[in-house]
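Chemist: I have a structure I would like to understand better, so I am pasting it below and will then ask my questions one at a time.
The values are calculated or read from the model by the stated rules, or taken from the named source; none is laboratory data. It should be emphasised that the depicted structure is a prediction, and the values quoted were computed from it without experimental measurement. Using ideal geometry, Cβ is built from the backbone for each residue, glycine included, and neighbour counts are taken over all protein chains shown. With ligands, DNA and RNA removed, areas are computed over all heavy atoms of the protein, side chains included. Shrake-Rupley method; radii C 1.70, N 1.55, O 1.52, S 1.80 Å.
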Amino acid sequence: MAFELLDQVRSFFTSHSVNLKFRFFGHDVGLASALLAIYITSRIFKLLHGISAVNGLPGMRVPFQPLAAPGAIIPTTWWNPGLRFPWLWRLTFYKHYQSENVSMVPFISGIPGIYTSNLDVARQVAGGGHKSSFIKPQSASRALLLWGMNLVAADGDTWRKHRRIMGPAFNNKLYQMVWRETLETYREMLSAENWSSKTALDVPVIQKLTFKLALLIIGKCGFGFSFNWSAPPTAPDGSMSVQEALRIVADSHMLAIAAPKWLLGLPFRRSATFDYEIPPAGSNAPSSFCRFKEVREAHEQLMEFMRSQVADRKADISGQDSNKEGRNDAFTLLVKANEDEARKLQLDDQELVRVTRESLNKAPNLPQIGNVYIMLFAGHDFSYPETTAHTLAATLGFLSLYQDIQEEVLEQIISVVGWDRDPMTAAGHIMIREATEDTVLQVPNPPGQEGTTPFPVPKGVQVIVDMIGVQYNPRYFDEPEKYKPSRWYNISSESEAFSAFSIGPRACIGRKFATTEAVAFLTMLLRDWKVEPILKDGETKEAWRERVLDAHLVLTLGVTDVPLRFMRRRK
């Protein structure tokens, strides 16, 4: 009967299609042609409206918005910029249009935007402030809202409330703790990885060590956990340890955002290379795999642990002798700052450890940790451990190629701390903003011309600060394509010239945390070991650089796996 009904429907449309005629611009057309014509016309009007919204600014006219599906999924090509175009076209994109501001207008799906590599424009749109006409759109913060509203995702009064509470948690006592723990963790690494007895060793993927370092420093200095390099991944009773939960949560962030709740209960395993397979019955899968279910369990355990820790820290703070030195980890300092704050601006427990309605609807078994997690795992729009690990990996990769610069760094290290003394401390690739009202940007004129040109920006248009474009902008950096650390000599570490940490009042709150850790680790490592690239047979250093130091873009700007050889230095 079903087949007969289908035949009748097919017969109806076949016999009557000739009668489905429409008048379109004075011509008789069939239904399919009419619908196609209407669709094409609508896309033309969308394109014209988009061009008008960016005031005719030269740029690309593309099918899809690069930062949203499906444009973000399709690889970068001449007709689809995709996610990777800021890196792949970093030397040619703005030069082609002879402008530091380039429009991107989609005609099938997405909203028009303006990409900028100019810092003055960046300050106007990303600097924040009470009277700012630009906000961070929710779509740009979706990956960070998994854990609830937080400092990075918030805007306006909400941001000021979170910033006032979180600011005191980042102070010199915390940075001194980061320095001490990084030195201790470096020594733990040497012992646990059996480096102490070796004069040379190869590390096929240096990120395996830098990721572990970043995670351990977060655990020690961020949460006050008693972690060490050799700690087992599971607790003695067989349950998942907090250290392992932190590792899984950090590693599965994008999965937890994108996956529906039923998927996380399946018996699939997720590998480090993001392949998915069902483990054979009775097999013991390698430790590099974890069940989707374990991702959910890791989130649940971490959430419950954090709830209990908030209560414990509050009890410790309320009963603490004012003359007695307390704990200095960021978590404790955050809770203390919140307890000391006036009730009007105080965050409740749901904001310290927050569960959002959107996240509950998406995955009710994945409770959210708001500022506690974001403060530590998300710096300037991206995951802290991932960013720190990739930064260290890329730094070591470049130093392995440029031995003269590595020797220069070593000379400075030895001149300051010597061979045996412990060093002492004295102390996203894009940003998306959306106009909340019709406004005007003051765009600097091309280099060599004084003044600015007013540029109207209608409500709803996005301005994307291309941080890769900024770093490769010859206005700010001579020979930006070259590796020249000397360009940073005699520049204060607090200078906005270090724009990768963002700029203005909304600059990365964890900036000094990250730089303190990186400087301490690199000082110890480079003093003890000479770093060299592991080349394939017949491979040149330039070919190694092209193969290895290529950008890896997800939430963060990183590099692919970096293989390095370490040679013990002779003192």
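Chemist: Within region 117-236, which helices (runs of 4 or more DSSP H) (wholly inside it) include 1 or more residues that are open to solvent by 20 Å² or more (accessible area, probe 1.4 Å) and modelled with pLDDT under 75?
Modeler: Passing ranges, in order: 156-166.
Chemist: Taking the condition of being at pLDDT 70 or above, touching a helix residue (DSSP H, G or I) at 6+ places or on another chain (Cβ under 7 Å) and not in a loop (DSSP other than H, G, I, E, B), how many residues in region 312-345 meet it?
Modeler: Of the residues in region 312-345, 11 are at pLDDT 70 or above, touching a helix residue (DSSP H, G or I) at 6+ places or on another chain (Cβ under 7 Å) and not in a loop (DSSP other than H, G, I, E, B).
Chemist: Separate question: Scanning for something over 24 Å from Leu549 (Cβ atoms) and open to solvent by less than 50 Å² (accessible area, probe 1.4 Å), does region 470-477 turn up at least one residue?
Modeler: For region 470-477, residues over 24 Å from Leu549 (Cβ atoms) and open to solvent by less than 50 Å² (accessible area, probe 1.4 Å): absent.
Chemist: Now, a different point. Given the condition at pLDDT 75 or above and either under 23 Å from the mean Cα position of the chain (by Cα) or part of a strand (DSSP E or B) (or both), answer yes or no: does some residue in region 532-541 qualify?
Modeler: yes
Chemist: Taking only pairs six or more apart or across chains, which ones have beta-carbon atoms under 7 Å, a first residue in region 395-421 that is under 25 Å from Glu539 (Cβ atoms), and a second residue that is of a type in the set (D, E, K, R) and in a helix (DSSP H, G or I)?
Modeler: Leu401/Lys541; Leu401/Arg545
Chemist: Given the structure, is Asn101 open to solvent by 50 Å² or more (accessible area, probe 1.4 Å) and touching a strand residue (DSSP E or B) at 6+ places or on another chain (Cβ under 7 Å)?
Modeler: Taking the combined requirement at face value, the residue does not satisfy it.
Chemist: OK, next. Checking the structure you have, find out if any residue of region 52-74 is of a type in the set (Gly, Ala, Ser), open to solvent by less than 80 Å² (accessible area, probe 1.4 Å), at pLDDT 75 or above and closer than 17 Å to Gly469 by Cβ.
Modeler: yes
Chemist: Name the single residue that is most open to solvent (accessible area, probe 1.4 Å) among those in region 501-551 being on the phi > 0 side of the Ramachandran plot and out of contact with any Lys or Arg (no Cβ under 8 Å at 6 or more places or on another chain).
Modeler: So the residue we want is Gly538.
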